[in-house]
Each structure stands twice: as C-alpha cells, then as structure tokens.
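Trainee: Have a look at the structure that comes next, please.
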Amino acid sequence: VPMALVGVVLMFTITRSTMDVSSMIGVIMLVGIAVNNGIIMIDAANQLRLDGHGRREAIAMASRLRLRPVLMTSLTTIMAMIPLALEIGEGSEGWAGMAKSVIGGLVVASLLTLFVVPTMYTFFAPRDLKHVPLSSGRTSSFSPIDASGQGVEPPGGASF
C-alpha cells in the first residue's frame, strides 16, 4: 500500500493537479482494491500449499491462476475512472482528483501485486503450513488445478 502512494503522487505531479478531499477518498478506495488484490494472491498460494505444494511452487501457480482476476479488477476500475479524470461532463471536475489518485495508484499497485507480493511471500511465508481438515472430509477447499498445473473439472459441475 505505501508504494501505491508513489503512483498517486506521480499522477498528481504529471497532471500538475492538487490533492483535495475527493483525491483522499480515491486513496481510501485505492487501499481497499490494492489490499484485496494482494489477499487474492496470498490466499490462492496458501490453499495450494495446503494441497501439498512448496512455497515457490504455490506462489508461482497462484500468480498464474490469479493474474487474470487481479488485472480485470484493476483495469475495469481504471477504465471506469478515465472519464472522471479527463473531467468530461458537468460536475466531473469535483471528482477528478479521486479518479486521478485511483488511476495512478492502481497502476503501481497492480504491478507490485504481480511482482513484489510473490517475492515477499517467498521470503516471509512459513516453511510449513498447519493442515486443518475441513468438516466435509476434504483436505482443501481450493483445487482448480492439479499438481501438474493442469485445470481440473470441479465436482458436481460447480464453477469457480
């Protein structure tokens, strides 16, 4: 999250804009989205580790598996904020600061989620995760890919 603020400052520097109340609201939105993207990645890695994969293998598989959701979340938010950032339409100049802070911060936060989070996970994740069996008798609630990295069909035709 602190590094995403670099993107906010950079965006306001490039556009020669000033920070206002709406831009602070954008920073709050940015924190929520950036943390959510990181949680998606770490949770997938932890679930894969519960399935028996090592730290590096789990985070590599989780990164491949969660690349699309992270990019989709970030890109849809950025695309939605572009009209506000360009101040198109009546009254949009009041919300332009929010849009600029979200766009600048999400660009940096998305790159950090995809590159820095896996690196930090490799360094700081515990070597062994405690295995807690689920009440249904299954060992994990997350198994869209098998050990070879290939997709598997979910039981009962459910979708992930």
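Every number here is computed from the coordinates shown, using simple stated rules; none is lab data. Just so it is clear, the structure is predicted and the values come from calculations on it, not from any experiment. Cβ placement follows ideal geometry from the backbone for every residue including glycine, while neighbour counts extend to all protein chains displayed.
Trainee: So, with +1 on the Cβ of K and R and -1 on the Cβ of D and E, and no other charges, what is the size of the charge dipole of the range 16-110 about its Cα centre, to the nearest 20 debye?
Mentor: Magnitude of the dipole: close to 520 debye.
Trainee: For the range 28-34, in order, what is each residue's ³J(HN,Hα) by Karplus, 6.51 cos²θ - 1.76 cosθ + 1.60 with θ = phi - 60°, in whole Hz (x at glycine and Pro)?
Mentor: 5, 4, 4, 4, x, 5, 5
Trainee: Take every Cα pair under 8 Å in the range 1-113 that's 6+ residues apart, average their separations, divide by the length, and report that relative contact order as a whole percent.
Mentor: 49
Trainee: In nm, what is the difference between 0.36 nm times the number of residues separating residue 67 and residue 31 and their Cα-Cα distance?
Mentor: Between residue 67 and residue 31, full extension yields 11.1 nm more.
Trainee: Full extension from residue 88 to residue 39: what is 0.36 nm times the residue separation minus their Cα-Cα distance, to one decimal in nm?
Mentor: Working it through step by step, the gained length comes to 14.3 nm.
Trainee: So if each residue of separation counts as 0.36 nm, and I subtract the Cα-Cα distance between residue 24 and residue 10, what length gain in nm does that give?
Mentor: That pair, residue 24 and residue 10, stretches by 3.6 nm at full extension.
Trainee: Toward the positive end of the charge dipole of the range 1-70, about the Cα centre and with charges on Cβ (Lys, Arg +1; Asp, Glu -1), which of 2, 24, 45 goes farthest?
Mentor: The Cα lying farthest towards the positive end belongs to 45.
Trainee: Please report 64, 49 as a ranked list, fewest other C-beta atoms within 10 angstrom at the top and most at the bottom.
Mentor: Ordered from fewest to most neighbouring Cβ atoms within 10 Å, 64, 49 come out as 64, 49.
Trainee: May I ask you to evaluate 6.51 cos²θ - 1.76 cosθ + 1.60, the Karplus curve with θ = phi - 60°, for each residue of the range 101-114 and list the ³J(HN,Hα) values in order in whole Hz, giving x for glycine and proline?
Mentor: So the Karplus estimates, Gly and Pro as x, are 5, 5, 4, x, x, 5, 4, 5, 5, 5, 4, 5, 4, 7 Hz.
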